[in-house]
Amino acid sequence: MVNLTINNQPVSVPEGTTLMEAAKEIGVHVPSLCYLKDLNEIAACRVCVVELEGSEKLITSCNNVAQEGMVIHTNSPKVRANRRNTVELILSQHDARCAICSKSRNCLLQDVANDLGIQGLPYEQHYEKRPWNKKFPLIRDSAKCIKCMRCIQICDKVQSLGVWDVESTGSRTTVNVANHGNIEDANCSLCGQCITHCPVGALFERNDSPKVWDALGVPNQITVAQIAPAVRTAWGEEMGLSPDEATVGKIAHALKKMGVDYVFDTTFSADLTIMEEATEFLQRFTAGELDKRPMFTSCCPAWVRFLQSEFPHFLPQLSTAKSPQQMFGAVTKSYFAEKIGVNPENIHCISVMPCVAKKDECNKDLYYKEFAGKEVDTVITTRELVAMMRSESIHKDNLHDIPFDTILEDASGAGVIFGTTGGVMEAALRTAYATIMGRNPSPDDFAMVRNSAKEENGILSANLQIGAHTVNIAVTSGLAHARTLLKQIEDGTAHYHFVEVMACPGGCVGGGGQPVRHGEELAPQRGQTLYALDGDAPVRFSHENKDVQALYADFMGEPCGHLAHQLLHTSHQK
Ligand code: HC0
Ligand code: SF4
């Protein structure tokens with residue numbers, strides 16, 4: 001252990017602990033704009049300076065480690081003056097029109113400047129506004145970038161994509177798409193992790209809420225909304241609600257208040273996806289189609305984009321099942337439209353997703369009888385949903401649980417856990433087991449697939465015995481982990497039958513469209529919320545979803561049958 005003094009308090013920390021972490025041990029917060037634990041400890045912003053007694057110069061606390069006998073002051077007059085000057089210089093190169101910024105009220109720079117009492121700038125402001133394709137789902141505003149390098153690090157180290165890079169040198173140093181490229185041509189998966197790790201408003205999603213408001217105002221148009229599993233775990237964070245209070249029924253109520261005609265749960269179509277995907281898996285598995293092993297899940301569009309751009313030879317191994325979002329749109333504009341007697345042309349399908357890549361996935365077209373158009377018309381993120389609630393003056397105290405509309409209402413616990421890493425696999429295994437064995441397993445029999453983040457390389461693998469069959473499965477999240485797994489499959493060191501990949505660490509609960517709490521990775525605790533909902537659910541198997549059963553009986557026929565293929569499956573080739 002190393003003993004030192006911070007702000008006149010003694011502290012003992014293990015060797016190698018940074019000064020910032022040591023201060024945290026005794027409840028002292030040292031501000032920073034760039035620091036990300038284990039990912040970005042490069043002192044790019046220099047806001048985290050502290051005073052070391054006996055040293056002329058201030059030192060940065062995020063990348064200097066505690067040493068025996070150090071006497072540190074984190075907030076001395078000298079520190080405050082230096083920190084203030086640093087932040088003033090950053091602000092002089094930043095478009096600080098906070099009232100019209102996407103990150104206003106949730107911006108680290110705003111917080112630090114406010115905490116330092118900065119109310120004017122001694123420097124003239126200069127910032128560069130570069131052009132950007134505003135139609136792309138991910139937007140970058142160069143005038144807001146503070147060169148903290150977080151986006152570069154998260155994209156490089158966690159997603160192994162390297163979309164962002166440093167450009168120019170000295171005072172002209174900035175961040176841009178690597179190799180001076182365009183974002184459309186970069187291998188951007190649209191996972192949105194750069195957005196959720198940007199401390200300011202330099203990265204954000206395309207705002208599609210105006211499209212929703214417009215759709216709600218079109219006379220004689222029916223609006224149908226679906227709410228993704230992971231949204232329920234996080235929207236309450238922005239509204240001051242605990243996980244217990246922030247129910248999905250309240251989101252349904254809020255959407256109805258905004259004027260949406262029908263509100264459903266994507267969990268319904270997650271169950272439908274399992275019916276298709278588990279059937280497809282068993283067909284491939286029992287047919288011994290070795291060339292198509294492993295079968296990969298296909299419901300994460302960022303993962304699909306990653307394969308399309310970097311590993312196209314694996315595309316035939318993706319399940320052909322559409323994602324629950326797209327299946328929901330397809331069912332809405334076929335079966336549901338017929339049930340309510342409305343022309344699908346007159347339905348606007350809205351998705352509320354934790355995800356940025358879903359804004360791209362929804363560009364797929366549906367062809368059904370005379371209808372040719374989008375399955376899903378508009379996708380908004382959890383953050384956009386909360387912003388819409390605010391703009392409609394919807395207060396948490398005025399919301400209560402309402403049920404989803406019929407006839408796409410029922411939802412199982414298996415569908416709910418789709419929103420967290422391992423959830424799709426677990427749900428599929430529950431149904432695959434029932435199909436093979438003719439009886440349900442205990443719902444928690446496959447709980448061993450839940451903790452891929454705890455594995456050394458982030459890849460959880462297991463050999464499962466189902467009757468006479470041994471099924472080798474793997475689960476991972478984060479594209480760097482996925483890349484490792486693909487390399488293992490390519491070089492023959494790993495052999496699986498079925499693999500689940502979600503691009504965002506922890507799965508959709510940690511999605512790029514979820515609310516941001518700077519410095520906190522909330523995916524694990526949001527995932528626990530989904531497991532608790534599954535544990536309490538009256539139905540825990542996708543194949544026992546009554547409305548899914550009715551859909552097959554009344555309309556769709558058999559899983560993987562002719563109509564199911566037409567409406568619920570797709571090719572992922574680009
Ligand atoms: Fe997900 Fe999904 S679980 S990808 O994360 O499969 O976005 O929540 O909606 O489609 O259901 C996201 C979340 C979904 C889909 C579902 C899947
Ligand atoms: Fe979207 Fe979920 Fe994939 Fe993240 S893990 S890109 S939130 S579908």
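We did not get these values from a lab; they are worked out from the coordinates using the rules stated. Since we're looking at a predicted model, the values are computed, not measured. For neighbour counting, all protein chains shown are included, and Cβ atoms are generated from backbone atoms with ideal geometry for every residue, glycine included.
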Completion exercise
For Gly512, the residues 5 or more places away or on another chain with a placed amide H closer than 5 Å to its own amide H are Val356
Problem - Residue-count net charge about Leu460 - beta-carbon cut-off 15 Å; Lys, Arg +1, Asp, Glu -1 - result: -2
Problem - Two-site FRET efficiency, Asn463 against Thr406, from Cβ-Cβ distance with R₀ of 56 Å, rounded to 0.05 - result: 0.85
Fill in the blank from the handout: Per the charge dipole of the chain (beta-carbon charges, Lys/Arg positive, Asp/Glu negative, Cα centre), the residue among Ser452, Leu33, Pro505 reaching farthest to the positive end is Leu33
Practice task
Quick one: plug the Kirkwood hydrodynamic radius of the chain (C-alpha pairs) into Stokes-Einstein at 20 °C, 1.002 mPa s, and report D in µm²/s.
Solution key: 85 µm²/s
Completion exercise
A correct Karplus calculation of ³J(HN,Hα) over the range 90-97, with 6.51 cos²θ - 1.76 cosθ + 1.60, θ = phi - 60°, whole Hz and x for Gly and Pro, returns 4, 5, 5, 10, 10, 6, 9, 7
Completion exercise
For the chain, longest principal axis from Cα atoms; helix 248-258 axis from its Cα atoms; angle between them, nearest 10 degrees, is 90 degrees
Exercise for the section: Restrict the search to the range 44-135; then list the chymotrypsin sites (Phe, Trp or Tyr not before Pro) that DSSP places in a loop and that have at most 13 other Cβ atoms within 10 Å of their Cβ. Expected result: Tyr123
Exercise for the section: Counting only GluC sites (Glu not before Pro) that are in a DSSP loop and have at most 11 other C-beta atoms within 10 Å, tell me the longest site-free stretch of the chain. Expected result: 185-369
Problem - Built amide H within the under 5 Å cut-off of Glu167, gap 5+ - result: Thr174, Val175, Asn176
Practice task
May I ask you to derive the FRET efficiency for Glu15 and His518 from their Cβ-Cβ distance with R0 = 25 Å, giving the value to the nearest 0.05?
Solution key: 0.35
Exercise for the section: Taking the dipole about the Cα centre of the chain, with the C-beta of Lys and Arg at +1 and of Asp and Glu at -1, give me whichever of Ala480, Ser55, Leu138 is farthest to the positive side. Expected result: Ser55
Problem - Distant-in-sequence amide H partners of Leu464 (H built 1.01 Å from N, under 5 Å) - result: Val471, Asn472, Ile473
Exercise for the section: Taking the dipole about the Cα centre of the chain, with the C-beta of Lys and Arg at +1 and of Asp and Glu at -1, give me whichever of Val516, Gly69, Val248 is farthest to the positive side. Expected result: Gly69
Problem - Segment Val65-Glu25, length gained on full extension (0.36 nm per residue, minus Cα span) - result: 13.0 nm
Completion exercise
Checked against a 29 Å limit on the C-alpha separation, the offending pairs among Lys134/Lys364; Lys144/Lys257; Lys134/Lys157 are Lys144/Lys257
Practice task
For Asp397 paired with Ser142, estimate the spin-label separation in nm (one decimal), with each label point 7 Å from Cα along the Cα-to-Cβ line.
Solution key: 4.8 nm
Practice task
Treating the angle as unsigned and between 0 and 90°, give the value, to the nearest 10°, between the Cα long axis of helix 266-286 and the longest Cα principal axis of the chain.
Solution key: 70 degrees
Practice task
Please say if the range 169-310 is rounded, prolate or oblate, where rounded means a/c under 1.5 for a ≥ b ≥ c the square roots of the C-alpha gyration tensor eigenvalues, and otherwise the choice is prolate for a/b larger than b/c and oblate otherwise?
Solution key: oblate
Problem - Separation in nanometres of the label points that stand 7 Å from Cα toward Cβ, at Ile340 and Asp111 - result: 4.1 nm
Handout entry: Virtual spin-label span in nm between Asp444 and Asn3, 7 Å along Cα→Cβ
Key = 4.6 nm
Exercise for the section: Let me know the shape class of the range 526-574, please: from the alpha-carbon gyration tensor, a ≥ b ≥ c as square roots of the eigenvalues, rounded when a/c is under 1.5, otherwise prolate if a/b is greater than b/c, or oblate. Expected result: oblate
Handout entry: In sequence order, calculated HN-Hα J values of the range 116-125 (Karplus, 6.51, -1.76, 1.60; Hz; x Gly/Pro)
Key = 7, x, 6, 10, x, 10, x, 10, 6, 8
Exercise for the section: Find how much the distance from Ala81 to Thr286 grows on full extension, using 0.36 nm per residue of separation minus their present alpha carbon separation; answer in nm with one decimal. Expected result: 66.8 nm
Exercise for the section: Can you tell me the dipole magnitude for the chain around its Cα centre, using point charges on the Cβ only (Lys, Arg +1; Asp, Glu -1), in Debye to the nearest 20? Expected result: 1220 debye
Problem - Total formal charge among the other residues, if their Cβ is under 13 angstrom from that of Leu116, Lys/Arg +1 and Asp/Glu -1 - result: 0
Practice task
Could you tell me how many degrees, from 0 to 90 and to the nearest 10, lie between the Cα long axis of helix 382-391 and the main elongation axis, the longest principal axis, of the Cα atoms of the chain?
Solution key: 80 degrees
Problem - Per-bin percent of Cα-Cα distances, the range 2-75 [5 Å] - result: 3, 19, 31, 27, 16, 4, 0
Problem - Computed lengthening from Glu456 to Asn207, 0.36 nm per intervening residue step minus Cα-Cα distance - result: 85.9 nm
